[in-house]
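One structure is given here, and the rest of the page talks about it.
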Amino acid sequence: MYAVIKTGGKQYRVQAGDELRVELLNNVAESGEILFDDVLMVGGEAGVTIGQPIVAGASVKAKLVTHGRGRKIIVFKSRRRGGYRKKRGHRQSYSQIRITEIAL
């Protein structure tokens, strides 16, 4: 059985046992339980159920593995012959989660 969930403005296709990185979940402690109610689609042997916009009564349970920060990305801006150069860096924060259960 698989599901498509929405969190952090993005959509993820998940199955039980999957481990993935999502946008930072601030309100969850380490090794805490997370319940995703925004389930857009559920599929399995019985067929596919598509929500309008979400599937009523469906939820996905996950466990928080860790919080972290991604690798640094360099943002460099310059204009030729103007002496304008600007260098900035960015590290995106994330939460690593493990899907435990998909419930209808």
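Just to verify a result, which residue in segment 47-104, among those that are surrounded by 14 or more Cβ atoms within 10 Å (Cβ to Cβ) and outside any strand (DSSP E or B), is modelled with the lowest pLDDT?
Among those that are surrounded by 14 or more Cβ atoms within 10 Å (Cβ to Cβ) and outside any strand (DSSP E or B), it is LEU104.
Let me spell it out: the conditions are (1) under 13 Å from VAL65 (Cα atoms); (2) surrounded by fewer than 12 Cβ atoms within 10 Å (Cβ to Cβ), and LEU20 meets all of them except one. Which number is the exception?
With respect to (1) under 13 Å from VAL65 (Cα atoms); (2) surrounded by fewer than 12 Cβ atoms within 10 Å (Cβ to Cβ), LEU20 is out only on (2).
Being out of contact with any Cys (no Cβ under 7 Å at 6 or more places or on another chain), closer than 25 Å to ARG91 by Cα, in contact (Cβ under 8 Å) with a residue 40 or more places away in the chain and assigned to a loop (DSSP other than H, G, I, E, B) is the requirement here; does VAL22 meet it? Even if it seems obvious, please write down each step before you answer.
Numbers: out of contact with any Cys (no Cβ under 7 Å at 6 or more places or on another chain): yes; closer than 25 Å to ARG91 by Cα: yes; in contact (Cβ under 8 Å) with a residue 40 or more places away in the chain: yes; assigned to a loop (DSSP other than H, G, I, E, B): no.
For VAL22, the condition - out of contact with any Cys (no Cβ under 7 Å at 6 or more places or on another chain), closer than 25 Å to ARG91 by Cα, in contact (Cβ under 8 Å) with a residue 40 or more places away in the chain and assigned to a loop (DSSP other than H, G, I, E, B) - is not met.
Within segment 25-38, which residues are free of Cβ contacts under 8 Å to residues at least 40 places away in the same chain and surrounded by 16 or more Cβ atoms within 10 Å (Cβ to Cβ)?
Passing the criteria: PHE36, ASP38.
Which members of segment 1-17 meet the condition of being under 11 Å from the mean Cα position of the chain (by Cα) and surrounded by fewer than 17 Cβ atoms within 10 Å (Cβ to Cβ)?
Correct list: LYS6, GLY8, GLY9, LYS10, GLN11, ARG13.
The values are calculated or read from the model by the stated rules, or taken from the named source; none is laboratory data. This one's a predicted model, so the numbers in the text were calculated from it and none came from an experiment. So basically every Cβ, Gly included, is an ideal-geometry build from the backbone, and we count neighbours across all protein chains shown.
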